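**Student:** Just dropping this structure here.
Readers should treat all values here as calculations from the given coordinates under stated rules, not as data from a laboratory. Source: prediction; values computed, not measured. In this analysis, Cβ positions are derived from the backbone assuming ideal geometry, glycine residues included, and neighbour counts consider all displayed protein chains.
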Amino acid sequence: MTRALTGSDGERGSASIVGCAVMAALIAVTAAMLHAGSAVTARHRAQAAADLAALAVASALDRGSASACERADPIAARMQVRVRRCTITDWDAVVEVVAPVPVLGGREATAVARAGPVE
């Protein structure tokens, strides 16, 4: 009677194997989602920092180009990104920043923002 309930001897322990395979798949999917979420978060942080830094640079253009671009560094530092490039053409400021993506090991998210007068 017990043999009918547990199945044949060849199938004993197969549920454990299937359970382990399912757990491994769930762990792999969770790790992939963690990587993707980390990259998206870094990209959003970089874009927000670029936007704010470009506005700060554009608002300080009346003090000169070099002085205006210096305004981007403290904003980027507070948002844990780094300014890669700051260029000024006429009254338009373009700021490019990079944010590290910690989970992906050395990769960076890049964002560019432009600010200037409304035409």
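**Student:** Need one number: nm distance between label points at Ala39 and Ser14, each 7 Å from Cα along Cα→Cβ, rounded to one decimal.
**Tutor:** The answer from the label model is 3.9 nm.
**Student:** A follow-up question, please. Going by alpha carbons, how many degrees (0 to 90, nearest 10) lie between the helix axis of 14-59 and the longest principal axis of the chain?
**Tutor:** 10 degrees
**Student:** Placing unit charges on C-beta atoms (Lys and Arg positive, Asp and Glu negative, everything else neutral), compute the dipole magnitude of the chain about its Cα centre in debye, rounded to 20.
**Tutor:** Roughly 380 debye for the chain.
**Student:** Would you kindly state how much longer the chain becomes between Ala32 and Glu108 on full extension, computed as 0.36 nm times their sequence separation minus their alpha carbon distance, in nm to one decimal?
**Tutor:** This chain segment gains 25.6 nm when fully extended.
**Student:** Once the Cα gyration tensor of the chain is found, what semi-axes does its equivalent ellipsoid get, as square roots of 5 times the eigenvalues, in whole Å, sorted largest first?
**Tutor:** 57, 11, 8
**Student:** Here is a further query. For segment 39-100, what is the charge dipole size about the Cα centre, in debye to the nearest 20, if Lys and Arg each add +1 at the Cβ and Asp and Glu each add -1 at the Cβ?
**Tutor:** Magnitude of the dipole: close to 340 debye.
**Student:** Can you find, among Ala60, Gly19, Ala46, the residue sitting farthest towards the positive end of the charge dipole of the chain, where Lys and Arg contribute +1 and Asp and Glu -1 at Cβ?
**Tutor:** Checked the options; the winner is Gly19.
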